[in-house]
Amino acid sequence: MSAAPAASTAPLLRLESVTKRFGGLTAVDAVSLEVYAGRVKAVIGPNGAGKTTLFNLICGIEAVTEGRIVFGGVDITRLPPHRVAGVGVSRTFQTVRLLGQLSVLENVMLGRHGRTRTGMLAAGLGLPSARREERETAEQAMHFLHMVGLADRAGEPGRNLPYGQQRLLELARALATEPRLLCLDEPAAGLNPAEAEQLAGFIRRLRDEQGLTVLLVEHHMPLVMGISDDVAVLDYGKKIAEGSPAAVSEDPRVVEAYLGGALEE
């Protein structure tokens, strides 16, 4: 795993007492945490702990009730999702969200949309600049398909892929935005052990070879403990523990709230 950040290094992402209420329900309760560049941070906890809501707040899908979110020194607390993506935050979802009728390649090309310059009129008229940019976008999308091992299926409809490969396709689309922070919401859900191990290796390479920062929500404890530099634990919307995987796994509050014998599985 990568070395711990120096004390003077500013975090890439900082949450300051972030709270989200839905009517009388507090889904996220004054959560503060920091994510440092080039590291994998996991957020774990039982179902209903507020993990996905926390992701939605970071990505601008849900509005923060109280608190502040700072990314790369910029306050993104009130930014809409497309502007959060524009500053370098990308995510995947618990359930696969592909456009199944589009090809595998076209699904990844959608991830490049925020980085294209051609306007709708130029694209509609088929101007040379638009055609050139479309070719470049397809070439760039193929690069990300090669990264996840799906280049040989680029022309197939996305819905034809088995579930594990659909997960990889969604990951390729997220990477196509060229994020500084990649948020993965239960990426191992529905994967078999071999696919989960493949995913773990890929996330390690993203960190170690690409220097990408990853924020991970996951229930698959072997994956979490095997790839994470830091772990934060939520329970009933509150952060109850934070630290290295080893330290968190031995915290009595965590064992009581969630883990039990899961770390030994």
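The values are calculated or read from the model by the stated rules, or taken from the named source; none is laboratory data. Keep in mind it's a predicted model, so treat the numbers as computed, not measured. In this analysis, Cβ positions are derived from the backbone assuming ideal geometry, glycine residues included, and neighbour counts consider all displayed protein chains.
Okay, here's what the table says:
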read-out: Counted residues, the range 36-47 - those being under 18 Å from A188 (Cα atoms) and either part of a helix (DSSP H, G or I) or in contact with a strand residue (DSSP E or B) (Cβ under 9 Å, 6 or more places away or on another chain) (or both); value: 7
read-out: Residue in the range 4-12 that is modelled with pLDDT of 95 or more, surrounded by 19 or more Cβ atoms within 10 Å (Cβ to Cβ) and in contact with a Ser or Thr (Cβ under 8 Å, 6 or more places away or on another chain) present; value: yes
read-out: Check on D185, of a type in the set (D, E) and over 30 Å from L25 (Cα atoms); value: no
read-out: Residue in the range 215-223 that is surrounded by fewer than 17 Cβ atoms within 10 Å (Cβ to Cβ) and within 21 Å of M142 (Cα to Cα) present; value: no
read-out: Of the criteria (1) out of contact with any strand residue (DSSP E or B) (no Cβ under 8 Å at 6 or more places or on another chain); (2) not in a helix (DSSP H, G or I), which one L215 fails; value: (1)
read-out: Single match in L191, L199, L216 (criterion: of a type in the set (A, V, I, L, M), over 23 Å from K20 (Cβ atoms), in contact (Cβ under 8 Å) with a residue 24 or more places away in the chain and out of contact with any Phe, Trp or Tyr (no Cβ under 9 Å at 6 or more places or on another chain)); value: L199
read-out: Scope the range 66-80; condition out of contact with any helix residue (DSSP H, G or I) (no Cβ under 9 Å at 6 or more places or on another chain) and touching a residue at least 12 places away in the same chain (Cβ under 8 Å); matching residues; value: E66, R68, V70, G72, G73, V74, R78, P80
read-out: Candidate set from the range 52-88 (those that are at positive phi and under 14 Å from the mean Cα position of the chain (by Cα)); member that is surrounded by the most Cβ atoms within 10 Å (Cβ to Cβ); value: G60
read-out: Filter result for F93 (in contact (Cβ under 8 Å) with a residue 60 or more places away in the chain and not small (G, A, S)); value: yes
read-out: Options E170, E134; residue that is crowded, with 23+ Cβ neighbours inside 10 Å, of a type outside the set (A, V, I, L, M, F, W, C) and not in a loop (DSSP other than H, G, I, E, B); value: E170
read-out: Test result for A49, among the hydrophobic types (A, V, I, L, M, F, W, C), under 19 Å from the mean Cα position of the chain (by Cα), modelled with pLDDT under 95 and buried (at least 16 other Cβ atoms within 10 Å of the Cβ); value: yes
read-out: Residue that is farthest from Y163 (Cα to Cα) [pool: residues in the range 182-212 that are among the hydrophobic types (A, V, I, L, M, F, W, C) and assigned to a helix (DSSP H, G or I)]; value: L206
